[in-house]
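Nothing in this text is a laboratory measurement; each read-out follows from the coordinates by a stated rule. Given the structure is predicted, the values throughout are model-derived calculations rather than measurements. In this analysis, Cβ positions are derived from the backbone assuming ideal geometry, glycine residues included, and neighbour counts consider all displayed protein chains.
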Amino acid sequence: MTTNPSDAHIAVVDDEPELRDLMQRYLVKHGLSVSTADGGAALDELMAQRPVDILILDVNMPGEDGISIARRLRQKGEIGIIMLTANNDSIDKIVGLEVGADDYITKPFDPREVLARVRGLVRRLKARGEAPATLGSEVQMGQCRLNLDRRCLFDAQGEEIALTAMEFDLLRAFAQRPGRPLSREQLLDLAHDQGDTVFDRAIDTRIARLRQKIELEPSRPQIIRTVRGIGYQFTPGR
């Protein structure tokens, strides 16, 4: 479990589209990676594609309610759960905590409170030494996340960004060697697609395309940086 909230993937599960969109926009604005789902089935599809660190989960939803979802996921392993409810009745809160929720927020709420609860939960999970069972092999690259197991790149909203096989291989080479300058020759060895005839300067073209996908300002790259006289370097935490 990461100690940095900006490295956590948050899933907001609520049947109200306006609330989902509001929370996603607010949390993404504050540097979090956020996906949304309108219920249990959509959440299962999301978690099959991307690992989730923390759920913000509505209690009262049609079909499978939040309590049932929390109970089901707790049987699979550790994951941070913050329950949302419009009901101020303490019974709902007690039941939610009994099935394994970590925190509870009553609607209506201030989005700033949700942000504070998420950040606090990241710290508590780390202090307990718990790694969510849904956490896969992912590397943060700016606002994007590279899933090494699924060979996929996702933006801050959880949408997949298309990659060619060689683009993924290049990102994987960088992700596995953070802070280490890599020459064009090394990158060719690490990411060469045997089906292509590739020369070293073609790496420059591919790096330029990758920067368009992962950099906030591709003309001023901060994630994949040029190392003069050597090649390129992946700089985490940018």
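So here's what we get for this one:
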read-out: Contour minus Cα-Cα distance for residue 64 and residue 165 (0.36 nm per residue); value: 32.5 nm
read-out: Förster-model FRET efficiency, 25 Å R0, residue 42 and residue 216, C-beta, rounded to 0.05; value: 0.30
read-out: From phi via Karplus (6.51, -1.76, 1.60), per-residue ³J(HN,Hα) for segment 24-39 in Hz, x at Gly/Pro; value: 4, 4, 5, 5, 5, 4, 9, x, 9, 8, 10, 10, 10, 8, 9, x
read-out: Net +/- balance of residues flanking residue 159 in space, Cβ distance below 13 Å, scoring K and R +1, D and E -1; value: +1
read-out: Cβ-Cβ FRET estimate between residue 72 and residue 49, R0 fixed at 25 Å, reported to 0.05; value: 0.85
read-out: Amide H contacts under 5 Å for residue 56, placed H, 5+ residues apart; value: 11, 12, 13, 82
read-out: Extension gain (nm, one decimal) between residue 230 and residue 176, 0.36 nm per residue minus Cα-Cα; value: 17.6 nm
read-out: For residue 35, net neighbour charge (Lys/Arg +1, Asp/Glu -1) across residues whose Cβ lies under 9 Å away; value: 0
read-out: Packing-based ranking, highest mean first, of 31-38, 170-177 given that Cβ atoms within 10 Å are counted; value: 31-38, 170-177
